[in-house]
1. Where in the range 200-233 does the label zone of N311 land, with the point 7 angstrom along Cα→C-beta and an amide N cut-off under 18 Å?
2. Which value, in Å² rounded to 10, gives the accessible area of T457 with a 1.4 Å probe and all protein chains present?
3. What does the net charge come to around V183 if you take all other residues with beta carbon closer than 11 Å to its beta carbon, with K and R at +1 and D and E at -1?
4. Round to the nearest 0.05 the FRET efficiency obtained for K353 and I502 when R0 = 30 Å and r is the Cβ-Cβ distance.
5. If I model a spin label as a point 7 Å beyond the Cα along the Cα-Cβ vector, how far apart are those points for T133 and S328 in nm?
6. Shape of the range 558-633 from its Cα gyration tensor (a ≥ b ≥ c, root eigenvalues): rounded if a/c is under 1.5, otherwise prolate when a/b > b/c, or oblate?
7. Using 0.36 nm per residue of separation minus the Cα-Cα distance, give me the extension gain between T13 and E204 in nm, one decimal.
8. Expressed in nm to one decimal, what extension gain is obtained for the pair F570 and H113 from 0.36 nm per residue of sequence separation less their Cα-Cα distance?
Amino acid sequence: ACTGIENIDEAITLLEQNNWDLVAAINGVIPQENGILQSEYGGETLHGPAYGPTSHSTAASSTPSSSSAFRHVVPSRQIVERQPRMLDFRVEYRDRNVDVVLEDSSTVGDIKHILENELQIPASKMLLKGWKTGDVDDSTVLKTLHLPKNNSLYVLTPDLPPPPSSHSGALQESLNQNFMLIVTHREVQREYNLNFSGSSTIQEVKRNVYDLTSIPVRHQLWEGWPPSATDDSMTLAVSGLTFPCHRLTVGRRSSPVQTREQSEEQCTDVHMVSDSDGDDFEDATEFGVDDGEMFGVASSALRKSPMMPENAENEGDALLQFTAEFSSRYGDCHPVYFIGSLEAAFQEAFYGKARDRKLLAIYLHHDESVLTNVFCSQMLCAESIVSYLSQNFITWAWDMTKEANRARFLTMCTRHFGSVVAQTIRTQKTDQFPLFLIIMGKRSSNEVLNVIQGNTTVDELMMRLMAAMEIFSAQQQEDIKDEDEREARENVKREQDEAYRISLEADRAKREAQEREMAEQFRLEQIRKEQEEEREAIRLSLEQSLPPEPKEESTESVSKLRIRTPSGEFFERRFLASSKLQVVFDFVASKGYPWEEYKLLGTFPRRDVTQLDPNKSLLEVKLYPQETLFLEAKE
């Protein structure tokens, strides 16, 4: 309301450029002497462009160019807020410097996300250093760091390999590499995966995209090219693309007439609209003259792209281009065209449940007919027609302009509707197009209810669509009744089959449960026997591996251990004081008490000997000259 901007995309772009600061965005469009106008409403200061008659005169006197875009509006609520403090950061990474400007309410993570777009390095791989207050994390708010206005930081990437030392060798290697460009066609929301060698030029990429999208190079508007890609003759190897995969977006220029200042105000990641060899009259737009108007011909007629590519291999791709071109010519308010083959449209319209079936409307377009523009713009794009078609029809389209596409449709028509309908369409003259075919699916065939020619009115078209719907509704009610009866019979049969199946399942489950129980008992018995045999083998092995028991009259230091079992029994043995504690564990295990299942506890002081280092000697763990231990089962 303040700026006069009615284009939503333009408004969102301005807000994004100002970090969604409404006041800064408005001041940028309607500049004032001090950047912020002051107005009194209830004793409070209103930041941003002032409202009301007084402020209108001020704006008009200070900036004549902005007065035409200013409207007198009484605001629904006042905008009262503190101007944010902006912080400048110069971030160094290897041989590059990146300037970042943010509000102090932003976080460290916001800086990393900006650097991720500029340096093409994942934020998770960055270490942002140079903070005067020590290390910070991504969630730290800049305001809490009390930073000066100008700051210097640097980025470390220890997880990424360093750049090659030889520039010429790296360049040659890049020229031999293949780049995968993922190009998104903005208008039709379709992605193309294109492979190019590093020696290919940007101009070659744009010409290839022209073959895919039918957008001439001079009308292509790109997003995603690196800032270093300033010349279309530059090779991909030196353009700064991300290897091996780089994402780009292309669309059609909304208006070919742009001033130099307007093009400079676009986002920094939007690449220049390229010139193309052989694109005539490019400079005419600088004088406000469109290409076609130089010859007294409408520019849209000169630049009109075909609705559908000739000899298209895939019907779905052809319908995508048809939809995009239809929208560019006649606007976004048009029938929703089914994207897919004619067979797929039949499946969608006729072969679902009876309640969900719809009529199939086939729109046959012809660019050379004098009725086409009027029929499309006034009939097909009428809101009442669009709404009625979307609710009751599946709409499929085809372009009959090219002879190859015409022959292809007549072949499909003969296969699906018969030779009579195909001959009827074949005999239609160019000026009788466009045609609108209303198809109803029946049990064994597809019936053409109506063929509507282009010389009709909105009311007549609506009446013929409604008449077709009456015929279809009567047929649909019969189909619904037959389907309900059939489903009822099938439900009874399913219930009987299900009851029988459940009975069989119960008997089988009972038998299987008995078999499983017996098998489980046998398995557990086998496991128990195997475990007993294994434990006995381990016990015998440990018993044989024990060193001989030293004699009482041995000259070496001997430790005498007395061990009490959980059942109250005792067994004694002598060990060399220099023996490792593991020897004691092995001795206890050889008696049937493995240390994995039992704890060996000391008495005074009470301690768990099994927690001690088994490689230490008995002397070191103070089990010398004698000690009484007892065994306790672990929980």
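The values are calculated or read from the model by the stated rules, or taken from the named source; none is laboratory data. Keep in mind that this is a model prediction, so the values were computed, not measured. FYI the Cβ positions are ideal-geometry reconstructions off the backbone, even for glycines, and counts take in every protein chain you see. The accessibility values were calculated without ligands, DNA or RNA, using every heavy atom of the protein model including side chains. Shrake-Rupley method; radii C 1.70, N 1.55, O 1.52, S 1.80 Å.
1. 211-214
2. Per-residue accessible area (T457): approximately 70 Å².
3. In short, +2.
4. That gives a FRET efficiency of 0.60.
5. In this crude label model, T133 to S328 measures out at 5.2 nm.
6. Verdict is rounded for the range 558-633.
7. On the way: separation 191, 0.36 × 191 = 68.76 nm, distance 2.98 nm.
Contour length minus Cα-Cα distance gives 65.8 nm.
8. Working: separation 457, 0.36 × 457 = 164.52 nm, distance 7.22 nm.
Here the answer is 157.3 nm.
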